[in-house]
Each structure stands twice: as structure tokens, then as C-alpha cells.
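The values are calculated or read from the model by the stated rules, or taken from the named source; none is laboratory data. This one's a predicted model, so the numbers in the text were calculated from it and none came from an experiment. Glycine also receives a Cβ, built like all others from the backbone with ideal geometry; neighbour counts cover every protein chain displayed. Surface areas here come from the heavy atoms of the whole protein model, side chains and all, with no ligands, DNA or RNA. Shrake-Rupley method; radii C 1.70, N 1.55, O 1.52, S 1.80 Å.
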Amino acid sequence: MHLNVFTECSPAPQFVGMWRMPGDRTGTGYRSLEHWAALARKLEDACIDALFFADVHGTYDVYRGSWETAVRHGVQIPSIDPMPVVAALAMVTRELAFAVTYSTTYHQPYECARLFSSLDHLTQGRIGWNIVTSYLRSATENGLGEYLDHDLRYDRADEYLSVVRRLWEESWDDDAVRRDAAADVFADPSAVRQIDHAGTWFTVRGPHQCEPSPQRTPVLYQAGASGRGMAFAARHAEVVFLTLADPESGAVAMRKLRDQVGAAGRDPAGVKALQGSMVLIGRDRAEAKAKADLYHRLWSTEGQLAKWCGWMDVDLASYPDETPVDEVKNQGSQSFLGFLRGLTPDRAWTVGDVKYLISRPRRARRDAPVMLFGTAQEVADRMEQWLDVAGVDGFNLIPCPPTGGIDDICDLLVPELQRRGMFRTAYRPGQTLRERYFAA
Ligand SMILES: Cc1cc2nc3c(=O)[nH]c(=O)nc-3n(C[C@H](O)[C@H](O)[C@H](O)COP(=O)(O)O)c2cc1C
């Protein structure tokens, strides 16, 4: 089984309002290397696969047509760039890997190729790229590029991937670097080449600026559940993040994903699927319940509405509640409305329903969708169901509360999983992230 821990370089990642929790360290720690170094060492001691850094470009300014709500409630603002953090954490860890988000819409492929080759060198092959096409339109207000319609973003991303792959895989031969002092030859130009890409979206001559790194291509992650998103994943992703509702319907989605991977000419078993899930654990039921109550009390309704409106690129405040959701056209993330329709296909959802759902915290139940809740034993039981029934390969754990939740994963959950033989008790030293996922 593979375990990632999800985070973001901003206060209370994913759980708007929980920076108010007594003892929270994210409110200031998000911008402190000491905080991140301590966290990374803790995860490495627990043999976690990778620390996953979500990230966005721009502000959540869709709800009520302004970014004020997002700033007031700390909705992924303020934040810092995760890239320098990853480079620093490579120094204080030996085996823990890092997955970091980078946008194909708001960055040029030549930049992307150099950045990930640099991180692959600095981490000695412990880097993955969470490929996103970015749902926040606001980035365009800051000169970062143009906002394309949903499916067009993926078309552009397809070409983007072919460019960066060629820079990583074809531009330098393995033995191009000679360091032949006598002949004053650092690298042999005949072993380095341009890629001369001329496409619909990009013109990239090359050569790549970096010599081959341990993995050449970083491990490719992707998390898009729309039809176009899944087609993109089937073509490119090595690790797919899913937010499945329950193990039973999850098994259907997993078969569909593996079929799509096969139809894209790849080995269906060559893709790892990780269930993205909030995880809230207590030493006993009472403690788990108490944490759930705190999560409910600190839930920031306005903050959540700002986040979801940004995700979907829809200002729910601008529609009358009775408006059918099907009349709302959006170019942001399409998973959520798709997820709702999947939950109860025969129900005609309205904007009011969506607002109601978003503005209430999820009820903490052991079988709640996209949630692992209870004691370590109960959570491990539920994870076994996901592995056995849905056939996922692991989890992208979203710790709740953002600070204590990481301690609970490392101190309570992992020892239980190791006791059951479900999770490694030691890393294989020196493995690259790709070897950790795919070496037998
Ligand atoms: C676990 C997970 C993590 C994600 N992290 C990010 C992120 O860091 N930045 C981002 O812009 N989008 C992120 N997304 C959003 C996806 O990249 C994608 O936009 C979204 O799932 C919608 O895709 P779809 O429109 O194809 O359904 C994440 C999605 C999931 C499920």
C-alpha cells in the first residue's frame, strides 16, 4: 500500500477555519522551514511514501465577485511557493519523497522541464509532479497567461506533456557529460540535441538545460475526474488521485480508469490509484468524536463557499437558490458537480442544495464519503475495504486537524497498519520515487 500525506504552504490546508484550533502550527508554520523540516522528519520516521504539496496560482475571487472573503478566512491565501520548501526538505530527509503541484496553464514547458530536473537532482530522484491545468481564472489578472475553457486546458496540457517528456528523455544521452579535463570537454555536443517542437500551443527548440537526472521524468501525478480529465490521466498519469464516494462505486470507477489506461495503449496495472481522503483519528472513540466536534465548530461556512466557488469558477451567490445546477455552465473544476450527480443521479440539484452542502461540515461517520474517521483500528478496517473492494493502491491522506492530524497518522495509524502487515516498516534505501511505486 502507498501512503501520501497532503498539505499546502498556507494556513490550515484544506480545512478553512481550522487555523483557529488551539495548538495549530500551520497559521505561522506554513512560512517556516523549521516547521516543514520537523514535519518531513516525522513523516520519514513513519515511512510515508511522499509529502504532497497542493498549490494554486491566483486568488479565490469568484464568490461574491471578490477575493475579500478568501483573505478574511485564509482560503489558500496568504501562502508561499512550495518549490523552495521541497529543495530545503531534500536536505533534512533521505527517503521521504515529494510531490509538488505545477500548472501547465500558467507556466511554460521549458521552465517546467528545468525546474523538475533540478528538483530530481537535488532530491536524488525523490520528486513527483502533480499536473494541474488550474481552475483559478484570477491568475490571468496578474499576467500569468490566458484562461482556457476546461477541455481546451487539457488539450494544451497534452502538448505540454509531450514537450517536457522530450526535453527530459531525448535531449541528452546518458553519457553526454564527459568531464574530460585533458580534452577540456565537459559534455559531448554530439550527445545533446534540440527537440525542435513546433505545435499548436508551443514552439520549443531546446536543448534541455539540465543533464539527465536520476528519474529523468518526475513521477507524474494527476487528479481530474471529469471525462476529459480521466482521458488525460489515462494518457499521462503514473499515479492518479481519486475522490471516490465509497468502495463499492469506487470499484466501478477503478475498472473504468484501468480500461481507459489500456485503451490508451498503456499497461492498466502500470497506474497507481490513490484515494484522496480526509483522515480524522482519535486514540479512542471519544477522542475521535471530540476532534470531529471541534472540526464542526471551527468550520468556516463563508470560507468554504469562497473555496468551492473558486474550484468550480461559479459564483453561487449570484444565482437564485432554486436555479437548477444543470443550468450553471462552468469552466472550472467539473468533478464536484459530477460527484453530486454521481451521488444521486435522479435528483435535480439546485444552487441552493449545493450551497447547503458546501456550507456544512461533513458528518464524521466511519462510512462517510471521502473520509477516514474513528480509532486507528476502525480507520485501518476501512482502508482494507478500499484496498480489497475498490482496488485502490493507497491513499492521499488529508490530515484533520491540519497540525495534530499528521501526528495521529504517524503515531496511531501507521503503527496499526504496520502491525497488520499492510504498510512498510522500513524504506528500501536509495530508491527513487518511481522505483518505490513500480519496482516489484
Ligand atoms: C487530491 C487532489 C488534489 C488536487 N490538488 C490541486 C492543486 O494543488 N492545485 C490545483 O490547481 N488543482 C488541484 N486539484 C484539482 C485537479 O487538478 C483538477 O482541476 C480537478 O480535480 C478537476 O478536474 P476535472 O475538471 O477534470 O474534474 C486537485 C484535485 C484533487 C482530487
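I need the full set of residues from segment 90-107 which are more than 16 Å from G430 (Cα to Cα) and either more than 17 Å from the chain's Cα centre (by Cα) or part of a loop (DSSP other than H, G, I, E, B) (or both), in order please. Result: T104, T105, Y106, H107.
Taking the numbered list (1) away from the ligand (no atom under 16 Å from the Cβ); (2) at pLDDT 95 or above in turn, E322 passes all entries but (2). Within the group R360, R382, which residue is over 28 Å from S134 (Cα atoms) and at pLDDT 75 or above? Only one candidate passes the filter, namely R382. Based on this model, can you work out whether M278 counts as buried (at least 20 other Cβ atoms within 10 Å of the Cβ), assigned to a helix (DSSP H, G or I) and at pLDDT 90 or above? Criteria not met by M278. Only one entry in V177, V192, V185, V164 is of a type in the set (A, V, I, L, M) and touching a helix residue (DSSP H, G or I) at 6+ places or on another chain (Cβ under 6 Å), namely V164.
Screening the candidates L39, L3 for the property of being buried (at least 21 other Cβ atoms within 10 Å of the Cβ) and either small (G, A, S) or part of a helix (DSSP H, G or I) (or both) yields one hit, L39. For G224, the conditions (1) touching a helix residue (DSSP H, G or I) at 6+ places or on another chain (Cβ under 7 Å); (2) more than 9 Å from the ligand (Cβ to nearest atom); (3) of a type in the set (G, A, S) are fulfilled apart from (2). Taking each residue of segment 216-229 that is open to solvent by 10 Å² or more (accessible area, probe 1.4 Å) and looking for partners that are in a loop (DSSP other than H, G, I, E, B) and near the ligand (Cβ under 7 Å from one of its atoms) with beta-carbon atoms closer than 6 Å, six or more apart or interchain, yields S226/Q334. The selection criterion, being β-branched (V, I, T) and free of Cβ contacts under 8 Å to residues at least 12 places away in the same chain, holds for T203.
Name, by its number, the condition in (1) within 14 Å of the ligand (Cβ to nearest atom); (2) farther than 21 Å from D408 by Cβ that does not hold for L3. Failing condition for L3: (2). Within segment 40-69, the set of residues being more than 23 Å from R419 (Cα to Cα) and of a type in the set (A, V, I, L, M, F, W, C) comprises F52, F53, A54, V56, V62, W67. Only residues that are of a type in the set (G, A, S) and open to solvent by 50 Å² or more (accessible area, probe 1.4 Å) were counted in segment 246-260, giving 1. Among residues of segment 118-152 being part of a strand (DSSP E or B) and touching a Phe, Trp or Tyr at 6+ places or on another chain (Cβ under 7 Å), the one that is surrounded by the most Cβ atoms within 10 Å (Cβ to Cβ) is I127. Name the residues in segment 67-87 that are open to solvent by less than 30 Å² (accessible area, probe 1.4 Å), away from the ligand (no atom under 16 Å from the Cβ) and not β-branched (V, I, T), would you? Correct list: G74 only.
In segment 240-259, the qualifying residues are those that are in a strand (DSSP E or B) and touching a residue at least 40 places away in the same chain (Cβ under 8 Å), and the one that is nearest to the ligand (Cβ to nearest atom) is F241.
The listed residues are A191, A233, A263, A237, and the only one of them that is in contact (Cβ under 8 Å) with a residue 12 or more places away in the chain, more than 16 Å from the ligand (Cβ to nearest atom), on the phi < 0 side of the Ramachandran plot and open to solvent by less than 20 Å² (accessible area, probe 1.4 Å) turns out to be A191.
If you go through segment 158-167 and keep only what is within 16 Å of the ligand (Cβ to nearest atom) and crowded, with 24+ Cβ neighbours inside 10 Å, you end up with just Y160.
Go through the residues of segment 336-345 one by one and say whether even a single one is at pLDDT below 80, away from the ligand (no atom under 16 Å from the Cβ) and out of contact with any Leu (no Cβ under 6 Å at 6 or more places or on another chain). Within segment 336-345, one or more residues are at pLDDT below 80, away from the ligand (no atom under 16 Å from the Cβ) and out of contact with any Leu (no Cβ under 6 Å at 6 or more places or on another chain).
Test S171 against the criterion of being open to solvent by less than 10 Å² (accessible area, probe 1.4 Å), in contact with a strand residue (DSSP E or B) (Cβ under 7 Å, 6 or more places away or on another chain) and farther than 20 Å from R235 by Cα, and give yes or no. Against the criterion (open to solvent by less than 10 Å² (accessible area, probe 1.4 Å), in contact with a strand residue (DSSP E or B) (Cβ under 7 Å, 6 or more places away or on another chain) and farther than 20 Å from R235 by Cα), S171 qualifies.
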